[in-house]
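Right, one structure below, let's go through it.
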There are 2 protein chains.
Amino acid sequence: MAAREFGDTIILVGDEQRIKAELSKHDTAGLTIEVLHASEIITMEDKPSQVVKGKPDSSMHVGIQLVQSKQADAFVTAGNTGGALGVSMLRQVGLGRIKGVKRPALGVIFPTKERPLLIDNGANADCRPEYLLQFGIMGSLYVERVLGIENPRVALISNGEEEGKGNLLIKEAIPLLSASGLNYVGNIEPKEFMAGAADVAVTDGFTGNIMIKMAEAVASHMSATIRDEMMKGLFSALGGVLARSAFRRVRAQFDSSEVGGAPLLGVNGVVVVAHGRSNAYAIKQAVGQARRIAEQAVVEAIASGLEEVGEP
Amino acid sequence: MAAREFGDTIILVGDEQRIKAELSKHDTAGLTIEVLHASEIITMEDKPSQVVKGKPDSSMHVGIQLVQSKQADAFVTAGNTGGALGVSMLRQVGLGRIKGVKRPALGVIFPTKERPLLIDNGANADCRPEYLLQFGIMGSLYVERVLGIENPRVALISNGEEEGKGNLLIKEAIPLLSASGLNYVGNIEPKEFMAGAADVAVTDGFTGNIMIKMAEAVASHMSATIRDEMMKGLFSALGGVLARSAFRRVRAQFDSSEVGGAPLLGVNGVVVVAHGRSNAYAIKQAVGQARRIAEQAVVEAIASGLEEVGEP
């Protein structure tokens with residue numbers, strides 16, 4: 001799908017035999033698809049700290065090295081997020097950080113109509129205020145270049161909008177963002193975040209990860225509860241059948257496959273981490289997203305954006 | 001409703017004229033309802049730091065003093081949470097902390113079928129590991145005594161269940177909870193929290209507050225989206241009408257009015273903070289909850305529970 005839609009060369013990295021067996025089931029005539037063998041696999045259970053150095057011929061290593069050596073423009077994975085982050089950060093065989101970046105971060109586009117970017121979504125469980133400033137800068141450049149949003153509104157996620165709200169991290173980040181030259185619009189709560197009160201919502205990776213997981217848990221719990229309740233009565237069951245297409249549209253809206261994967265911002269190359277449950281369409285979207293990040297030179301923009309702001 | 005159901009004396013604290021005007025609209029024959037005038041009002045916009053000392057004759061002050069002077073067994077409010085916390089913590093005119101409590105915390109019963117308690121829900125934006133230990137102890141005693149759950153399962157909210165996950169706060173809290181004698185079952189993510197994998201889920205007040213607000217935001221967004229989508233087609237609109245009672249049951253399940261308010265645990269008296277949007281039924285439930293906390297001597301249980309565990 002991606003090779004056909006974008007006309008790009010797609011290099012599939014992993015177990016050559018399995019990839020070729022799978023490819024043979026599809027019509028790939030006229031498409032440029034290459035296969036590159038990697039003998040090791042980073043599983044979802046592997047601990048990043050162990051595999052980053054312990055499995056040097058994993059598909060993550062081989063794929064990211066393609067970007068590092070400029071043989072590929074971007075790397076897309078639906079695998080272990082910690083693994084992708086760890087391998088990306090390796091020097092020499094990986095990509096390392098963009099000069100000036102203190103901590104790379106995962107951005108995630110939240111699947112409501114307004115498509116706000118939440119950053120960090122789990123790369124950094126513990127943050128300092130200056131990391132949050134950089135997340136704001138990187139996120140702002142990303143949505144400007146990749147989503148085409150001019151002068152993006154940047155906010156901090158907090159437990160209240162009023163002055164004096166927030167934990168110490170947020171309170172110390174506020175003056176940094178205020179003075180940054182970013183279009184900083186203040187603190188927002190989850191409700192305002194979902195309503196699109198900011199284009200970029202900045203948070204530490206622990207809070208961001210909990211937010212996304214909470215949203216998934218509530219959405220899936222509500223869907224299941226509605227389904228169960230529908231089954232209980234004849235009229236509701238009939239209603240459920242009639243309303244099915246409406247439900248499908250709601251699910252589609254909350255379906256993250258539309259919006260691609262999570263860009264890993266701050267590493268010196270393009271890396272997109274798609275959801276582990278991605279279907280073919282979602283992976284195609286993630287490839288399109290990675291393509292646009294490369295095309296729009298987001299990595300270079302981050303490098304010069306950080307230089308402009310300087311050390312906080 | 002509360003006076004009738006519980007047979008208790010209810011003391012209504014606030015603007016005497018307005019309370020009496022409201023009371024006159026109801027049939028209160030045979031009920032013991034007293035009115036106690038308070039000349040000042042803490043608004044939802046007031047900053048706790050200013051009003052706690054600046055409005056000494058607020059309904060919060062007068063009501064909490066009734067508990068402090070043993071003229072009342074419990075105080076229930078649907079007002080400013082920070083105000084209730086601040087006034088409760090005052091020495092002499094307020095309640096102060098239970099001996100040994102480092103930080104009082106707000107518990108909140110999450111309105112899924114399993115009714116897990118999340119603590120802290122916003123009283124402490126910045127926490128130390130030993131606070132989390134105490135939240136676990138207080139929460140455990142609360143659900144045991146008030147909800148009748150034997151040997152409650154206590155967990156820490158984290159961004160992953162695996163060892164090595166969590167931020168520094170969580171990592172440092174794990175050994176404290178493990179060694180506490182509590183029925184500590186490990187780290188849980190939001191999904192497991194909602195599924196009732198623990199009876200008491202411990203978190204700092206910043207994360208807990210964001211979790212609850214995220215859940216409210218997602219639930220309300222999903223309801224609105226489903227409603228909008230239903231309106232779009234004839235069949236779905238008809239389906240929506242037929243499924244209405246199912247929707248009503250789902251909303252009722254997510255309706256926090258069933259579960260009462262948030263108990264403020266760790267202060268030396270019974271204080272329950274109901275949601276600002278509470279209806280009459282929710283307030284009645286909160287009164288019933290406050291009643292049970294007093295009856296079950298939760299304050300005394302926390303005092304002796306903390307003494308047993310000692311200083312971490």
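Could you pull out the residue among A:L90, A:L23 that is out of contact with any Phe, Trp or Tyr (no Cβ under 9 Å at 6 or more places or on another chain), among the hydrophobic types (A, V, I, L, M, F, W, C) and farther than 25 Å from A:R277 by Cβ?
One residue alone meets the criteria, A:L90.
Just wondering, is there one or more residues in the range B:9-18 that are farther than 23 Å from B:N279 by Cβ and of a type outside the set (K, R)?
Yes, some residue in the range B:9-18 is farther than 23 Å from B:N279 by Cβ and of a type outside the set (K, R).
Looking at (1) under 19 Å from A:A198 (Cβ atoms); (2) crowded, with 24+ Cβ neighbours inside 10 Å; (3) at pLDDT 95 or above, which one does A:V108 not meet, given that it meets all the others?
(3)
What pairs come up if the first residue lies in the range B:161-179 and is farther than 18 Å from B:E308 by Cα, the second is of a type in the set (F, W, Y), and their beta carbons are under 6 Å apart, counting only those six or more places apart or on different chains?
From the range B:161-179, the pairs are B:N167/A:F206.
Pairs needed: first member in the range A:1-27, more than 20 Å from A:S58 (Cα to Cα); second member anywhere, of a type in the set (S, T, N, Q); C-beta distance under 6 Å; at least 6 residues apart or different chains.
Matching pairs, first to second residue: A:T9/A:T32.
Test B:A217 against the criterion of being more than 9 Å from chain A (Cβ to nearest Cβ), within 21 Å of A:F206 (Cα to Cα) and at pLDDT 85 or above, and give yes or no. Spell out the reasoning first.
Details: more than 9 Å from chain A (Cβ to nearest Cβ): no; within 21 Å of A:F206 (Cα to Cα): yes; at pLDDT 85 or above: yes.
In short, no.
So, of the residues in the range B:155-192 that are of a type in the set (G, A, S) and at the interface with chain A (Cβ under 10 Å from one of its Cβ atoms), which turns out to be surrounded by the fewest Cβ atoms within 10 Å (Cβ to Cβ)?
First, pick out the residues of the range B:155-192 that are of a type in the set (G, A, S): B:155, B:158, B:160, B:164, B:166, B:173, B:178-181, B:186.
If we keep only those that are at the interface with chain A (Cβ under 10 Å from one of its Cβ atoms) as well, we get B:158, B:160, B:164, B:166.
Details: B:S158: 26, B:G160: 17, B:G164: 10, B:G166: 22.
Ranking the qualifying residues of the range B:155-192, first place goes to B:G164.
Look through the range A:276-312, keep the residues that are modelled with pLDDT of 95 or more and not in a helix (DSSP H, G or I), and return whichever of them is surrounded by the most Cβ atoms within 10 Å (Cβ to Cβ).
Filtering the range A:276-312 for residues that are modelled with pLDDT of 95 or more and not in a helix (DSSP H, G or I), the one surrounded by the most Cβ atoms within 10 Å (Cβ to Cβ) comes out as A:Q296.
Residue by residue through the range A:36-72, note down the ones that are assigned to a strand (DSSP E or B), buried (at least 16 other Cβ atoms within 10 Å of the Cβ) and in contact with an Asp or Glu (Cβ under 7 Å, 6 or more places away or on another chain).
Residues satisfying the conditions are A:E40, A:S58.
The values are calculated or read from the model by the stated rules, or taken from the named source; none is laboratory data. All values derive from a computational prediction rather than experimental measurement. Positions of Cβ are backbone-derived with ideal geometry, glycine not excepted, and every protein chain shown enters the neighbour counts.
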